[in-house]
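Single-structure report; data block below.
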Amino acid sequence: MRVVKSVVEMQHEADRLRVEGKHIGLVPTMGYLHNGHLQLIEQAKRMCDAVIVSMFVNPTQFGPKEDFERYPRDFERDKSLALRSEVDFLFNPETKDMYVPDYGTYVEEQEASHILEGKIRPTHFRGVATVVAKLLNICKPHIAVFGQKDAQQVFIIKKMVRDLNFDVSVFVAPIVREADGLAMSSRNVYLSPEERANATVLHESLKYAEKKIKDGERNVKNLQSQMQQMIRSKGAPSVDYVAVIDPEMFRETDTITKPTVLVALAVRFGSTRLIDNALISTE
Ligand code: AMP
């Protein structure tokens, strides 16, 4: 495995791989790898000849009061996990190389970016779309692999790739969960033991929603209030949103009419903000 820090060197390596006829897979991450990330890597390895994992805590996707400074980082641990997963390139650029001092170009999706996560984190998706666009130009992958854990991000990136004609396929891998259902996340380390125990309610509430929908519930307000009640009963976390989304348009809906809906939620346990979602077939 090669660790590459320089943007230009990564571009040269990507060019070389392409000249050799290699199919390149990219797995963008912010590091502090867990099994969710490792599954994306395995997926990329199944589809590609050379796998690049980028590891970059991207400052432009964090708001001024968010956890950029305290976001967990452990490069040596990540490096050994990537090595064990037989990653070909670990791209770990410096912030000053990704964002030069007079940096001034951003990619902004205009619709889906402003609901749910975007309402609470107004500059988040601008930062995500910008860094992913940069990573696609630097690593030149044929396939980029993302996790369904960040369903809104996936929608926005697919839309960006389509709208801006990026020559890449986006592959979405399923959510990887702990044994008790909590979706794996680098941020789970922030949780106190009590919060960690209570956090299983996120997945439980999604399972509950699935059952209610399958039993015929079509009224989103009813569903939301039942899910919120269930979540709030566990250590009084604060619920940022519980939403039912039409996954094709990524718009909130009041009545369930589509064959598949996305139920997405964001909940704060103390200072830790967790997101989760489920794609639910309504039939
Ligand atoms: P992050 O390092 O949190 O920015 O995540 C990097 C990639 O891993 C994103 O595409 C995430 O959606 C994906 N990811 C994070 N957690 C999970 C999980 N539990 N299951 C599947 N993919 C995940």
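Picking from residues in segment 45-82 that are within 11 Å of the ligand (Cβ to nearest atom) and in a helix (DSSP H, G or I), the one that is surrounded by the most Cβ atoms within 10 Å (Cβ to Cβ) is Gln61. Does Lys65 satisfy the criteria of being closer than 19 Å to Val168 by Cβ and basic (Lys, Arg)? So Lys65 fails the test. Restricting Ala199, Ala243, Ala183, Ala179 to those that are under 24 Å from Lys119 (Cα atoms), more than 18 Å from the chain's Cα centre (by Cα) and of a type outside the set (D, E, K, R) reduces the list to Ala199.
All of (1) within 26 Å of Glu13 (Cβ to Cβ); (2) touching a residue at least 24 places away in the same chain (Cβ under 8 Å) hold for Pro101 with one exception: (2).
The number of residues in segment 1-44 being outside any strand (DSSP E or B) and within 16 Å of the ligand (Cβ to nearest atom) comes to 15. Give segment 148-170 a look and list any residue that's of a type in the set (A, V, I, L, M, F, W, C), more than 13 Å from the ligand (Cβ to nearest atom) and touching an Asp or Glu at 6+ places or on another chain (Cβ under 7 Å), or say none. Listed by number, the list holds a single entry, Met160. If you take the residues of segment 224-239 that are assigned to a helix (DSSP H, G or I) and touching a residue at least 24 places away in the same chain (Cβ under 8 Å), which of them is farthest from Leu265 (Cα to Cα)? Here the answer is Met230.
Within the span defined as segment 178-195, one or more residues are more than 15 Å from the ligand (Cβ to nearest atom), closer than 20 Å to Val242 by Cα and not small (Gly, Ala, Ser). Scanning segment 223-251 for residues that are over 23 Å from Asn198 (Cα atoms) and either outside the structural domain of Thr272 (by TED's automatic domain parsing) or touching a Lys or Arg at 6+ places or on another chain (Cβ under 9 Å) (or both) returns Ile245, Asp246, Pro247, Glu248, Phe250.
Flag set for Ser85, criterion: small (Gly, Ala, Ser), in contact (Cβ under 8 Å) with a residue 12 or more places away in the chain and over 28 Å from Arg273 (Cα atoms).
Within segment 103-147, the set of residues being at positive phi and either buried (at least 23 other Cβ atoms within 10 Å of the Cβ) or within 16 Å of the ligand (Cβ to nearest atom) (or both) comprises just one member, Leu116. Selection of segment 247-261 for residues being in a strand (DSSP E or B) and closer than 16 Å to Ser113 by Cβ yields Arg251, Glu252.
Residue selection: Ala243 satisfies the criterion of being under 15 Å from Ala278 (Cβ atoms), buried (at least 17 other Cβ atoms within 10 Å of the Cβ) and in contact (Cβ under 8 Å) with a residue 60 or more places away in the chain.
The values are calculated or read from the model by the stated rules, or taken from the named source; none is laboratory data. Model, not experiment: these values are computed from the prediction. Note that we place each Cβ from the backbone using ideal geometry, even for glycine, and neighbour counts take in every protein chain shown.
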